[in-house]
1. Could you tell me which numbered condition THR172 fails, if it satisfies all but one of (1) surrounded by 13 or more Cβ atoms within 10 Å (Cβ to Cβ); (2) out of contact with any Ser or Thr (no Cβ under 7 Å at 6 or more places or on another chain); (3) in a strand (DSSP E or B)?
2. Hey, GLU114 hits all of (1) touching a Pro at 6+ places or on another chain (Cβ under 8 Å); (2) modelled with pLDDT under 95 but one; which does it fall short on?
3. Which of the residues spanning segment 127-161 are under 19 Å from LEU196 (Cα atoms) and either in contact (Cβ under 8 Å) with a residue 24 or more places away in the chain or not assigned by TED's automatic domain parsing to the domain that holds GLU108 (or both)?
4. What are the pairs, 6+ residues apart or on separate chains, where a residue within segment 211-223 that is within 20 Å of THR233 (Cβ to Cβ) has its Cβ under 9 Å from a residue that is exposed (fewer than 11 other Cβ atoms within 10 Å of the Cβ)?
5. Given (1) surrounded by 12 or more Cβ atoms within 10 Å (Cβ to Cβ); (2) under 19 Å from the mean Cα position of the chain (by Cα); (3) not in a loop (DSSP other than H, G, I, E, B), identify the lone condition not met by GLU177.
Amino acid sequence: MVKQVLLADDDYYVPDANKLITEDDTPVDNFGSEKQQRLLVGILYSSLQEQTILAAANVGIYHTDGEPAIVPDVFLSFDVQVPENWWEKQNRCYMVWRFGKPPEVVIEIVSNKEGDELGKKLRIYEQMRVSYYIVYDPTQQLGQVLRVYELRGRRYFETQETWLEQVGLGVTLWEGEFEGRHDVWLRWCYQDGTVLLTGDERATQAEQRVTQAEQREKLLAEQLRAMGIDPETL
């Protein structure tokens, strides 16, 4: 974790944000990964509006003084939020010593064998004490589509359980369409397996409910007319 040195009067040393690389303009590696990241992040903000969360894709996490940031594909942190002035250098990325805690969930999306998701990255997230580390491997570069690691004590243990008890969310593989693309997607879900909805899905459901209500009203009116009753007089 971050190095803190007691100075005087209860002041602690923390790294100087001006000396940290908060962005290097490295592009996202492929269309599929980028769209999957947006799906995971967007759903959280549309579905968890009553909770304080910070979710992001491709944003660096500084965890230890003197070490470079690690940049997960997606992370989720509860009970924290980006400071008002997010353009200030110290507010541009997730510095564990500023937020006071690591994210609860980190997700890596595997696109090749170069990322070392099951090696160096796993050890870093374990050291950070991230509660859940999820490795999504849609093309099975590492042999298994979905891996979930849960922090127990100081170590990660791989689990077959996809319900993340400590955060009250689960993950599931879902086949369907997102932004005009039909595929298998990694999605957040409730404990019963029902997926959290995107904003577009919520809007579509609302439109369907309105249409169904209009159809029921029309059918009722037809039935009343067949009985010799003018529905307009009711």
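The values are calculated or read from the model by the stated rules, or taken from the named source; none is laboratory data. Fair warning: this is a prediction, and the values are worked out from it, not measured in the lab. Cβ atoms come from the backbone with ideal geometry, glycine included; neighbour counts cover every protein chain shown.
1. Single failed check for THR172: (2).
2. Exception for GLU114: condition (1).
3. Matches in segment 127-161: TYR132, ILE134, TYR136, LEU146.
4. ALA221/GLU232
5. (1)
To keep it simple, each residue is scored yes or no on (1) within 16 Å of the chain's Cα centre (by Cα); (2) under 20 Å from GLN37 (Cβ atoms).
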residue	(1), (2)
LYS89	no, no
ARG92	no, yes
VAL105	yes, yes
GLU117	no, yes
ILE124	no, yes
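Yes/no per residue for (1) acidic (Asp, Glu); (2) over 22 Å from SER111 (Cα atoms); (3) not in a loop (DSSP other than H, G, I, E, B):
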{"residue": "GLU126", "(1), (2), (3)": "yes, no, yes"}
{"residue": "VAL148", "(1), (2), (3)": "no, no, yes"}
{"residue": "LEU186", "(1), (2), (3)": "no, no, yes"}
{"residue": "ARG209", "(1), (2), (3)": "no, yes, yes"}
{"residue": "ALA213", "(1), (2), (3)": "no, yes, yes"}
